[in-house]
1. Just checking, does the range 101-117 include any residue being over 26 Å from Gly59 (Cα atoms), touching a Leu at 6+ places or on another chain (Cβ under 7 Å) and at pLDDT below 95?
2. So, in the range 164-173, exactly how many residues are more than 12 Å from the chain's Cα centre (by Cα) and surrounded by 11 or more Cβ atoms within 10 Å (Cβ to Cβ)?
3. Output the number of the condition that Ile131 fails; it satisfies all remaining conditions of (1) in contact (Cβ under 8 Å) with a residue 24 or more places away in the chain; (2) farther than 18 Å from Tyr162 by Cβ; (3) of a type outside the set (S, T, N, Q).
4. Can you tell me how many residues within the range 138-161 are surrounded by fewer than 19 Cβ atoms within 10 Å (Cβ to Cβ) and not in a strand (DSSP E or B)?
5. If only one of Ile9, Ile5 is assigned to a helix (DSSP H, G or I), among the aliphatic types (A, V, I, L, M), modelled with pLDDT under 50 and surrounded by 10 or more Cβ atoms within 10 Å (Cβ to Cβ), which one is it?
6. Enumerate the strands (runs of 3 or more DSSP E) found wholly within the range 45-105, keeping only those where 2 or more residues are farther than 21 Å from Phe170 by Cα.
7. Just for the range 115-137: of the residues that are over 15 Å from the mean Cα position of the chain (by Cα) and not basic (Lys, Arg), which one is surrounded by the fewest Cβ atoms within 10 Å (Cβ to Cβ)?
Amino acid sequence: MVKKIYIYISISVIMSLFAIDAKSQGVINGTATAEIIEALRAAEIATLNFGRFSPESSGGEIRITPQGVRTAAGTVSLSGGQYNPASFQLAGQSDATITVTLPQGSITLTNPTTGKTMEVYNWETNNVSSIGTGVLTKGQLILNVGATLRVGTVADNPVGQYAGSYVITFSYN
């Protein structure tokens, strides 16, 4: 009989502990915080310039790398004059990570006198990783952008100036 009483008492004590915990409540005050950082700013400090050239008999391509190296393929003959990649100065929160999104497709350069066009594509940049991210070291980043220009024949692309615009998106991660 004594063994049964101990078992009943032990079970009763354990059950009462669970009942107390299930009914008890706790109250705690939490804390929320937020930090506003500097707006991300970008300024174009140099335009993408493929320079002077002649398409010759069948045209081809001109590539400007982000490092400023210009090469030609096909019958395109490079000439003197200034050429350079586009350059952008980014500013914002110190040591913040940013995402850079280059144009996904091609854009068109148009000769306003003749209406003739050339295509710019194969966009590339420096100072960002292969996944399109960079760091604003001390709140600053200079980003150079190169691309490839597809040039037609002299009939397709007669003498003159060609211009167009494109969009690059910069955002905080």
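1. Checked the range 101-117: no residue is over 26 Å from Gly59 (Cα atoms), touching a Leu at 6+ places or on another chain (Cβ under 7 Å) and at pLDDT below 95.
2. Going residue by residue through the range 164-173, those that are more than 12 Å from the chain's Cα centre (by Cα) are 164-166.
Remaining after also requiring surrounded by 11 or more Cβ atoms within 10 Å (Cβ to Cβ): 164, 166.
Residues flagged as more than 12 Å from the chain's Cα centre (by Cα) and surrounded by 11 or more Cβ atoms within 10 Å (Cβ to Cβ) within the range 164-173 amount to 2.
3. Unmet condition: (1).
4. 11
5. On the way: Ile5 fails: surrounded by 10 or more Cβ atoms within 10 Å (Cβ to Cβ).
Within the list Ile9, Ile5, the selection yields Ile9.
6. Working: elements: 60-64, 70-74, 86-91, 97-101.
In the range 45-105, the matching strands (runs of 3 or more DSSP E) lie at 60-64, 70-74.
7. Start the filter on the range 115-137 by keeping residues that are over 15 Å from the mean Cα position of the chain (by Cα), which leaves 115-121, 137.
From the residues that got through so far, the ones that are not basic (Lys, Arg) too are 115, 117-121, 137.
Numbers: Gly115: 7, Thr117: 15, Met118: 22, Glu119: 18, Val120: 22, Tyr121: 14, Thr137: 11.
Within the range 115-137, the match that is surrounded by the fewest Cβ atoms within 10 Å (Cβ to Cβ) is Gly115.
The values are calculated or read from the model by the stated rules, or taken from the named source; none is laboratory data. The structure presented is a predicted model; accordingly, all values stated were derived computationally and were not measured. Note that each Cβ is placed from the backbone with ideal geometry, even for glycine, and that neighbours are counted across all protein chains shown.
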